[in-house]
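As C-alpha cells, the structure follows; a few thoughts come after it.
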Amino acid sequence: VLRIAASVTDSEHGSLLLLESDESRVRYRVTLKQGDVLPLSVTAGPILKHGLAGWALRERRADIVEDTERDTRWLPIPGLDSMRSVLVTPLLYGERALGVLTLAAPIPRHYTRRSLALTSALAAYAVTLLARGQYVETGAPRGAAVADRVFDGRIDAADLAQ
C-alpha cells in the first residue's frame, strides 16, 4: 500500500506507522527508505506527540502541508529535512486509529486534492486488510464484542445475540 501510494503521488519519501491497540505507541513502521532510518524508539514518541502524524491521529483527518518550512506540525528528522511538501492520512477503523500514512516530496506544493483522494482510498484499503487480519487473528468473539458495542441500544438484545 505504501509503495503504491508513493508511486501514484510521485513521492520520494513515505512511511506507514501501525499503532498498538491503545493508540499510544507505534507497533510497526514501514518506510520506503532502507538502512539510514532512525530507530523507532527514537522517532515514534516525538512524532506522535508533536508531529504531523500525531496531529492527523488526534484530529482524525487527512491533510496536505504545502510547505514544511511554514508548518510547525512537520518535525524535521535527519535525512528528511529536505522534504518540503507532505501528505498525511490516518488509517481509521470506526472510532479506532490503526495507523497513519505519511508521504513527502522535496518540492513545495507537490500534493493536490487528487493526491489526497488517492491516498485516502489506499488508506481505506489498508484499513480493510488490517481489520480483516485482526478478525482472523482474534476470531469471532472479538467480532461479537465489536457488534455489541456498535449496535447496543439500536437493535433488540435478543436479535443482536442471534
For the stretch 66-110, the count of residues that are closer than 19 Å to residue 10 by Cα, under 17 Å from the mean Cα position of the chain (by Cα) and touching a residue at least 40 places away in the same chain (Cβ under 8 Å) equals 6
If we keep only residues of the stretch 44-97 that are closer than 14 Å to residue 18 by Cα and at pLDDT below 90, then the residue surrounded by the fewest Cβ atoms within 10 Å (Cβ to Cβ) is 45
Here the residues within the stretch 22-40 that are within 18 Å of residue 1 (Cβ to Cβ), at pLDDT 80 or above and of a type in the set (D, E, K, R) are 27, 29
Taking the stretch 1-21 and keeping only residues that are surrounded by fewer than 14 Cβ atoms within 10 Å (Cβ to Cβ), of a type in the set (D, E, K, R) and at pLDDT 90 or above, one is left with 3, 10
Flagged pairs (Cβ under 6 angstrom, 6 or more apart or on separate chains; first in the stretch 2-16, under 14 Å from residue 110 (Cβ atoms); second open to solvent by less than 20 Å² (accessible area, probe 1.4 Å) and polar (S, T, N, Q)) are 5/119; 9/115
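The values are calculated or read from the model by the stated rules, or taken from the named source; none is laboratory data. The shown structure was predicted, so the numbers you read here are calculated from the model rather than taken from an experiment. So basically every Cβ, Gly included, is an ideal-geometry build from the backbone, and we count neighbours across all protein chains shown. Accessible surface is based on the protein model in full, side chains and every heavy atom, while ligands, DNA and RNA are left aside. Shrake-Rupley method; radii C 1.70, N 1.55, O 1.52, S 1.80 Å.
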